[in-house]
Amino acid sequence: MSYQVLARKWRPRLFREMVGQEHVLQALINALDNSRLHHAYLFAGTRGVGKTTIARILAKCLNCESGVSSEPCGQCAACTEIAEGRFVDLIEVDAASRTKVEDTRELLENVQYAPTRGRYKVYLIDEVHMLSNSSFNALLKTLEEPPPHVKFLLATTDPQKLPVTVLSRCLQFNLKNMSPERVVEHLRFVLEQEMVPFEEGALWHLGRAADGSMRDAMSLTDQAIAFGGGKISEAEVRAMLGSIDSGLVWKLLQALADESAPALFAAVEELAQQAPDYSAALAELANNLHRIAVAQVLPQSVDNALGDGERLRDHAARLAPENVQLYYQMALLARRDLPLVPDPRSGFEMALLRMLAFRPQGVADIPRASLPDSAAVEPAPPPGRGVGPGQAAGGPVTSG
């Protein structure tokens with residue numbers, strides 16, 4: 001039997017198997033269970049967040065032989081055929097390849113006819129924003145008042161390109177990007193089920209590289225399994241993605257905390273041997289500075305998900321909060337200006353030298369910040385109750 005990629009093998013078949021998008025699922029589940037169904041739904045969001053998947057599950061809910069509900073049986077002929085992509089009353093159309101008005105008219109010619117096997121005839125139009133203006137005009141009247149046996153499910157990655165006349169005829173749901181935490185949690189579950197050995201740090205690299213798309217995360221995981229020969233290790237994933245070694249970024253921060261130029265340039269030299277993307281290195285540096293700043297304010301937020309919790313606590317205690325803010329701003333500006341520098345490495349080094357050279361204005365002696373403990377800080381005395389000039393502690397003000 002041929003190998004099936006993870007993104008297809010683990011595609012959800014029921015609403016409760018979906019990862020994220022609770023705000024969309026709640027509305028659809030309530031509508032199905034209470035028989036308050038609209039005739040047209042529009043799902044908008046970036047690639048790989050579940051638009052087509054939700055539409056297919058909705059089609060299954062509408063045509064399940066056990067009745068319309070948010071929990072299709074998954075066993076009947078309709079559920080099985082929809083899952084296998086061969087249900088005659090689920091018409092899937094790729095609008096990117098059928099943009100002409102003739103294609104839309106041909107599609108709508110059969111709208112008036114009753115479903116062949118199912119309860120509803122479902123039109124799933126993917127990338128609907130690619131239709132031409134003439135195609136949208138041909139679709140408008142049918143989209144507003146379709147026959148009772150027809151449902152339209154539209155999916156798009158760019159809803160702003162849709163005419164407002166189409167938007168006003170649909171219930172619109174905006175799907176959110178997946179957070180790295182949610183992606184890592186799902187990848188951990190999938191790899192455990194697939195019995196693939198993995199390192200936790202590698203999953204975080206994959207989660208961040210997916211950039212909000214669960215499908216991209218699954219595809220990268222497939223690539224990582226092939227790259228690692230059946231296992232996923234952090235070093236191999238970092239090499240596959242071209243990611244920066246996080247240990248070297250912590251060495252840079254250590255040198256900045258020690259105010260040691262030799263150690264700083266030694267870390268840069270070690271980083272340069274990996275032929276890095278210096279813009280990505282500055283982004284990783286800024287990300288760690290952000291985590292340090294948060295840890296200084298909220299010590300309880302420190303976690304060891306990336307395996308660097310101890311380093312994070314140490315740097316949060318050693319770096320002054322005002323320095324962390326200044327370094328972060330310098331890293332952002334250096335990343336913005338990197339395309340203008342004669343050489344990327346020299347621009348990276350100049351950014352680090354600025355971090356060594358400058359200190360917040362007006363601070364003569366930079367304090368060493370320590371992590372605040374959980375004990376409550378004693379509040380300052382209210383105005384008018386303190387000791388004023390000419391008044392002894394605990395005594396009244398005497399007149400001269």
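We did not get these values from a lab; they are worked out from the coordinates using the rules stated. All values derive from a computational prediction rather than experimental measurement. Ideal geometry is used to build each Cβ from the backbone, glycine not excepted, and the neighbour counts take in all protein chains shown.
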Enumerate the amide H contacts of residue 98 below 5 Å, restricted to partners 5 or more residues apart or on another chain; note that Pro and chain-start residues carry no placed amide H. none
Options 73, 38, 88, ranked by Cα towards positive dipole end of the chain, top entry (Cβ charges): 38
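Could you give the alpha-carbon Rg of the stretch 6-174 over 2.2 N^0.38 Å, rounded to two decimals? Before the final figure, lay out the partial values.
Working: Rg = 15.0 Å, N = 169, 2.2 N^0.38 = 15.5 Å.
Expressed relative to 2.2 N^0.38 Å, the Cα Rg reads 0.97.
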As straight-line cross-link partners of residue 141, the qualifying lysines (C-alpha separation under 18 Å, not fewer than 8 residues apart within one chain) are 100, 121, 151
Taking amide H positions as placed 1.01 Å from N in the peptide plane, with prolines and chain starts having none, which residues 5 or more places from residue 198, or on another chain, fall under 5 Å of its amide H? 232
Taking Cα atoms only, helix 261-272 is inclined relative to the longest principal axis of the chain by an angle, in degrees rounded to 10, of 20
Just want the answer: with Cβ charges of +1 for Lys and Arg and -1 for Asp and Glu, which residue in 301, 164, 187 is farthest toward the dipole's positive end in the chain? 164
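Place a +1 charge on the Cβ of each Lys and Arg in the stretch 85-131 and a -1 charge on the Cβ of each Asp and Glu, then give the dipole magnitude about the Cα centre in debye, rounded to the nearest 20.
Numbers: 7 positive and 9 negative charges, 55 e Å.
Approximately 260 debye in magnitude.
Mind checking the dipole of the chain: about its Cα centre, +1 per Lys or Arg Cβ, -1 per Asp or Glu Cβ, Debye to the nearest 20? Could you put the intermediate results ahead of the total?
Working: 40 positive and 48 negative charges, 220 e Å.
That gives a dipole near 1060 debye.
Can you compute the charge dipole magnitude of the stretch 246-357 about its Cα centre, using +1 on each Lys and Arg Cβ and -1 on each Asp and Glu Cβ, nothing else charged? Give it in debye, rounded to the nearest 20.
Details: 9 positive and 14 negative charges, 44 e Å.
In total the dipole reaches around 220 debye.
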Specify the angular offset, from 0 to 90 degrees and rounded to the nearest 10, of the alpha carbon long axis of helix 51-63 from the longest principal axis of the alpha carbons in the chain. 40
Per DSSP, the loop-located trypsin sites (Lys or Arg not before Pro) within the stretch 1-104 having at most 14 other beta carbons within 10 Å are 36, 47, 86, 100
In degrees, nearest ten, helix 246-258 long axis to first principal axis of the chain (Cα): 20
